[in-house]
Amino acid sequence: MTVLGLAFRSVGHHSGVELGEGFIAFPVSADPSKGVEVRINFGVFAGREATPAEIDELARRLLQDVERVTLVCERRYELSERVEASVHQVRIEVPRELVPDDVVDAARLEGRLVLLAETWATACFADRRAAV
């Protein structure tokens, strides 16, 4: 499935929001030998960028599961002749040396990170809405 020019695998949990039937969080590569990357479509569902405090909370949660992680907050621009879109995403990157060699164990790690990302993002959406 393609949403705003991004190819999605059939993993992650559906948001229930009809924006191309996207996912809140999804893994990028099917090849754990390159490390694990999970993207979070934060802006699509929150309508805003993640705050520094929210990113700190995500880092705290991730470091309970992995030894080291890189978080990247970015604004992606997807452009074509018919569509222009700007999306705020958060990327979770776990380097190859921290990903298990066993494919099943690597897939489990990836699944845990997707679930953790979705849980974090959903809490952020609810907290901010409650504060407004």
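A few remarks follow.
- Scanning the range 53-69 for residues that are in a helix (DSSP H, G or I), without any contact (Cβ under 8 Å) to a residue 12 or more places away in the chain and either buried (at least 18 other Cβ atoms within 10 Å of the Cβ) or over 16 Å from the mean Cα position of the chain (by Cα) (or both) returns a single hit, 53.
- Taken across the range 76-92, residues that are of a type in the set (Ser, Thr, Tyr), loosely packed, with under 14 Cβ neighbours inside 10 Å and in a loop (DSSP other than H, G, I, E, B) do occur, with at least one present.
Values quoted throughout were computed directly from the atomic coordinates according to the rules given, and no laboratory measurement underlies them. As the structure is a prediction and not an experimental result, all values here were calculated from the model. Backbone-built Cβ (ideal geometry, glycine too); neighbour counts: all protein chains shown.
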